[in-house]
Ligand code: ARG
């Protein structure tokens, strides 16, 4: 096997070591970016006086052909191809002859791989952004369709206060807005060009790095060649962002799993998004949601793995850095499955308002009862205590809060008057919370508009 770097070696690489060292198996995904980066570099070498324009054109056209072979699956890999960079250069030289050997002037696979990887990730960020946006649209559509549908709200998974379906489903929308922000910010940090850093000490040829950045769609160039080849912060940033997206999907999944259970029965999953049991004929399982919840752990694992790989590394390139790609690819692939599935699941979800209504029990209005006393001039702390006594009274009698007579209520506090019955109403409870972010029809409409206005169209 002939290696790019074989000159100083008296004998070939042990077969197992070659296998161990090679990254082609996974970095073949960087093919398109490797071709684009090399074409830009060839043009840069013209500016630096290394290549004539004619030579650069030959290289550019040759790389186009290599790219075509790779894209249509006709590319013949050689057992000696260590990674995508060596494979592309080897094939180019086969095609265009000796001029192909000039391409790597002033460049190293160290700045090359960092460039390819960043370029790939910039594209991946755009894809994740679009998938997230689609999921956000699905959440908004669900909210809009049942904006004011009352359902119990929970803290500690115990009945707390009434909310609405629109309010609840939008509580899973806003986290994704923050994810979009994180994604945009990390993409910006990714769009810094390392090409021109050489192996570690910069390039000895006067290549215009700003022109390279422009040609490849980078917003800035790296300022230190040692940092340029070793910086993988952008990869960790992506994995943290992906972890947060996974975590948000996991929480939504968890809650939908609960809501689809027989005990809650608030929603019914579409058959297309559920699976059955091989043994129990009646079963309809929320496997898609469980997998989404489960896969969030895998994304976090990728983040922890990469950070652990990076933490002990000196600046400049070390082969450990080759371990950066698989966790990113895996996280991206995982999101590429889960995000569209979640959007589809939401778009086909059936709500069961009658089951939600069954759970809208009077204790959800206990806070409203305390607020009523506050409006009669009772300090809240005292009102809270008094209503606690009312709840206890109802419990002792074995009746609902709403079934206590005015006389019963007045036995606890004389501040209870005729108007108290108006409190026992879910709609007025919802509408009473009119501040931004609350449950009133007006506040919910405003929230919906706000949600629509932040979704990138
Ligand atoms: N396959 C390598 C990687 O992914 C490319 C860089 C190799 N550089 C080197 N000095 N061996 O990191």
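What follows draws every value from the coordinates through simple rules; no lab data is involved. Keep in mind that what you see is a predicted model, and the values were worked out from it rather than measured. Please note: Cβ atoms are built from the backbone with ideal geometry, for glycine as well, and neighbour counts cover all protein chains shown.
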TODO: Determine one quarter of the surface area of the Cα convex hull of region 1-102, which equals its mean projected area, and express it in nm² to one decimal.
DONE: 6.8 nm²
Open item on the list: Starting from the 7 Å offset along Cα-to-Cβ, what nm value, one decimal, do you get for the label separation of residue 10 and residue 171?
Closed with: 7.2 nm
Open item on the list: For region 60-168, what does the relative contact order come out to in percent, with C-alpha contacts under 8 Å and a separation of six or more?
Closed with: 14 percent
Task: Estimated [θ] at 222 nm from DSSP helical runs (n ≥ 4, -39500 (n - 2.57)) normalised by residues in the chain, nearest 500 - done: -19000 deg cm²/dmol
- [ ] Over all alpha-carbon pairs of region 172-265, lay out the pair-distance distribution in 5 Å bins, whole %, shortest bin first.
- [x] 3, 13, 15, 15, 12, 10, 8, 7, 5, 4, 3, 2, 1, 0, 0
TODO: Could you pull the Cα extents of the chain along its three principal axes, largest to smallest, in whole Å?
DONE: 101, 53, 38
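By the gyration tensor of its Cα atoms, with a ≥ b ≥ c the square roots of the eigenvalues, what is the shape of region 366-447: rounded for a/c under 1.5, prolate for a/b over b/c, or oblate? Don't skip to the end; give the middle numbers.
Details: a/c = 2.34, a/b = 1.84, b/c = 1.28.
Verdict is prolate for region 366-447.
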Task: Inter-probe distance in nm under a simple model that places probes 7 Å from Cα toward Cβ, at residue 393 and residue 406 - done: 1.4 nm
Open item on the list: Using Cβ counts within 10 Å as a stand-in for footprinting exposure, how do 174, 41, 168, 5 rank, fewest first?
Closed with: 5, 174, 168, 41
- [ ] Could you quote the convex hull projected area for region 235-305, Cα atoms only and averaged over all directions, in nm²?
- [x] 5.7 nm²
Task: All-pairs Cα distance distribution in region 97-223, expressed in whole percent, bin size 10 Å - done: 11, 27, 20, 15, 12, 10, 5, 1
- [ ] Mind pulling the angle between the C-alpha long axis of helix 174-190 and the longest principal axis of the chain? Nearest 10 degrees, somewhere in 0 to 90.
- [x] 20 degrees
Task: Debye-sum result for region 343-402 in log10 I(q)/I(0), which assumes one identical scatterer on each alpha carbon, at q = 0.12, 0.27, 0.28 Å⁻¹ - done: -0.46, -1.07, -1.10
- [ ] Taking the chain as the reference, fit the longest principal axis to its C-alpha atoms, fit the long axis of helix 233-259 to the helix C-alpha atoms, and give the angle between the two in degrees, 0 to 90, nearest 10.
- [x] 30 degrees
Task: Likely footprinting exposure, 446, 311, fewest C-beta neighbours within 10 Å first - done: 311, 446
Task: Orientation-averaged projected area, Cα convex hull of region 273-355 (nm²) - done: 8.5 nm²
Open item on the list: Just to confirm the number: angle between the C-alpha axis of helix 380-397 and the first principal axis of the chain, 0 to 90 degrees, nearest 10?
Closed with: 70 degrees
Task: Cα gyration tensor category, rounded, prolate or oblate, for region 138-193 with a/c compared to 1.5 - done: oblate
Task: Stokes-Einstein diffusion coefficient of region 103-156, Kirkwood radius over Cα pairs, 4 °C, 1.567 mPa s, in µm²/s - done: 84 µm²/s
